[in-house]
Amino acid sequence: MFFEERFFTTTMAKVSHKGNKSLKKEDVFKRLAENRYAKFQYEILETIEAGIELLGTEVKSIRSSNVNLRDGYCSFRDGEILLLNVHISPHKNVGSFFNHDPLRNRKLLLHKKEIIKLKSQTEKKGLTIIPLSIYLKGSWIKLTIGVGKGKKLYDKRQADKQKDIKREIKIALKR
């Protein structure tokens, strides 16, 4: 009788797990850091998802959201695209020997066609490549980069006016 009860509970447990398969590991997104200032400084024309080449202690720091994307930008060198001036804080629970340099250059992982396209856009039109956000996609750390054109002062004022008008309309509709 004990054997039959154990068998019954294990088959019940297996049946209950089948319903959870609809949620895939790749579908889970967790935003770790965002560059809000970039949307104020630049008019973002296009966004691209890229991988980053990281060290182990950098991964630990990013997972604990110790990243600053505010001053970051991307540059090209030897057919590769590099992420520059992004501060990833050293991990606290590791000795200084194993830790990383917080402002080191990091290689972005993109297809060759995407790199060529980005390089031609930045050279011809005078656009800039900026990191917008860093997030977890399943167990992978991904970076969203944007191709942007710098805003002038009057463009920023106009954007603020539009934002205020939308806010006032939203408040008026709630009443």
Practice item. Residue by residue through segment 37-61, note down the ones that are within 23 Å of Val147 (Cα to Cα) and among the β-branched types (Val, Ile, Thr). Key: Ile44, Thr47, Ile48, Ile52
Check your understanding: Which one of these is closer than 24 Å to Ser139 by Cβ, touching a Cys at 6+ places or on another chain (Cβ under 6 Å) and not small (Gly, Ala, Ser): Ile48, Ile81, Ile62?
Key -> Ile81
Check your understanding: Among the residues of segment 50-109, how many are of a type in the set (Phe, Trp, Tyr), surrounded by 14 or more Cβ atoms within 10 Å (Cβ to Cβ) and over 15 Å from Leu132 (Cα atoms)?
Key -> 1
Exercise for review: For residues that are over 21 Å from the mean Cα position of the chain (by Cα) and of a type outside the set (D, E, K, R), scanning just segment 138-167, find the one that is surrounded by the most Cβ atoms within 10 Å (Cβ to Cβ).
Suggested key: Ala159
**Study point:** Lone unmet requirement of (1) free of Cβ contacts under 8 Å to residues at least 40 places away in the same chain; (2) over 19 Å from Lys60 (Cβ atoms) for Lys151
**Key:** (1)
**Study point:** Residue that is farthest from Leu143 (Cα to Cα), among those in segment 23-39 that are at pLDDT below 85 and of a type outside the set (D, E, K, R)
**Key:** Leu23
Check your understanding: Looking at segment 125-137, is at least one residue loosely packed, with under 12 Cβ neighbours inside 10 Å, at negative phi, in contact with a Lys or Arg (Cβ under 9 Å, 6 or more places away or on another chain) and not acidic (Asp, Glu)?
Key -> yes
**Study point:** Looking only at segment 110-124, and only at residues there that are closer than 28 Å to Val59 by Cα and basic (Lys, Arg), the one that is surrounded by the most Cβ atoms within 10 Å (Cβ to Cβ)
**Key:** Lys119
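The values are calculated or read from the model by the stated rules, or taken from the named source; none is laboratory data. These numbers come from a predicted model, not from an experiment. Note that we place each Cβ from the backbone using ideal geometry, even for glycine, and neighbour counts take in every protein chain shown.
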